[in-house]
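The values are calculated or read from the model by the stated rules, or taken from the named source; none is laboratory data. Quick caveat: nothing in here was measured; it's all calculated off a predicted structure. Please note: Cβ atoms are built from the backbone with ideal geometry, for glycine as well, and neighbour counts cover all protein chains shown. We work out accessible area using only protein heavy atoms, side chains counted, and drop any ligands, DNA or RNA first. Shrake-Rupley method; radii C 1.70, N 1.55, O 1.52, S 1.80 Å.
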Amino acid sequence: LTLLNGALEDKNINKKYLNRASKGVERLNYIVKDLDLLTQLETGNTALEESYFDIVALIKNVFELLEMRAQKSKISLEFDREYTKPVEVYADEERIQQVLTNLVINSLKYGKEKGTTEVRIESYDHNRIIVRIADNGDGIEDTHLPRLFERFYRVDKSGSRKEGGSGLGLSIVKHIIEAHQEEIFVESQPQIGSQFSFTLKKAALLQSEA
């Protein structure tokens, strides 16, 4: 409206407002796409394309994709140790990449400068592994934990966060993990950090049973 009411001809204003409009459109596009995916997940209209893959290689790929973003936040992306052998799982690789990406981005948003996002892979039970994504950032008060996976729920109400996004990332993560009939957990302590974890089926056991 500012541009239409005459500011379009003002070189000191027009570019500034066009940039704001562009960011607004981009954010709306994220929201529409994520809402569409979330609706499909909730209604069971998204079929999983499960296959055997190496979760270690997938995590490394996510680290590479988010390397520049992490450097901008001065946060290190690390494994808890060196994984010299593949860790094979059975799941929808594209969807699990989305889960990992959303959780790592979340850790970068709320991590502290010069902090660390660490990923750990452990055995969970006889036929499942658990992937843990931990940061040493702001942490979350206990009162917020039950609502973290709700649509558009934000811990930080101050508006000081300028990271953008749709506000649906954690809700999508939860629905993807539940579509796999797996579990997701969150633990956090204010000023110490947060840890999000999810389980996946071990591929080795499934292959041996085939």
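Couple of notes before you dig in:
- For Rg/Rh (Cα atoms, Kirkwood Rh), computed directly from the structure shown, the correct entry in [x] 1.04; [y] 0.93; [z] 0.99 is [x].
- Helices assigned as whole DSSP H runs in the chain whose Cα atoms extend at least 20 Å along their own long axis and whose mean Kyte-Doolittle hydropathy is -0.5 or higher are found at 93-110.
- Projected label distance in nm at PHE185 and THR143, using a 7 Å step from Cα toward the beta-carbon: 2.6
- Amide H contacts of TYR124 (H built 1.01 Å from N, under 5 Å, at least 5 apart or other chain): ILE129, ILE130
- For the chain, the dipole from Cβ point charges (+1 on Lys and Arg, -1 on Asp and Glu) about the Cα centre works out to 1140 debye, to the nearest 20.
- Accessible area per residue for the chain, computed on protein heavy atoms with a 1.4 Å probe, is 60 Å².
- Gained length - PHE152 relative to LEU8, 0.36 nm times residue gap less alpha-carbon distance: 48.5 nm
- 3J(HN,Hα) from dihedral phi, the stretch 70-76, Karplus parametrisation 6.51/-1.76/1.60, rounded to Hz, x for glycine, proline: 5, 5, 4, 8, 6, 10, 8
- Label reach from LYS72 (point 7 Å along Cα→C-beta): in the stretch 79-101, amide nitrogens under 18 Å belong to 101.
- Pairwise FRET efficiency - SER22 versus ARG128, Cβ, R0 = 41 Å, nearest 0.05: 0.40
- Each Cα pair under 8 Å and six or more residues apart adds its sequence gap; the mean of these over the residue count of the chain is a relative contact order of 23 percent.
- Among ASN12, ASN136, ASN29, the largest mean-square fluctuation in a Gaussian network model of the chain, built with springs joining Cα atoms closer than 10 Å, belongs to ASN12.
- Protein heavy-atom surface of the stretch 34-193, 1.4 angstrom probe: 45% of the accessible area is carbon and sulfur, with nucleic acids and ligands not counted.
- Positive end of the dipole of the chain (Cβ unit charges, origin at the Cα centre): among ILE184, TYR90, ALA21, the Cα lying farthest that way belongs to ALA21.
- Projecting the Cα atoms of PHE152, SER194, THR46 onto the charge dipole of the chain (Cβ charges, centred on the Cα centre) puts PHE152 farthest toward the positive pole.
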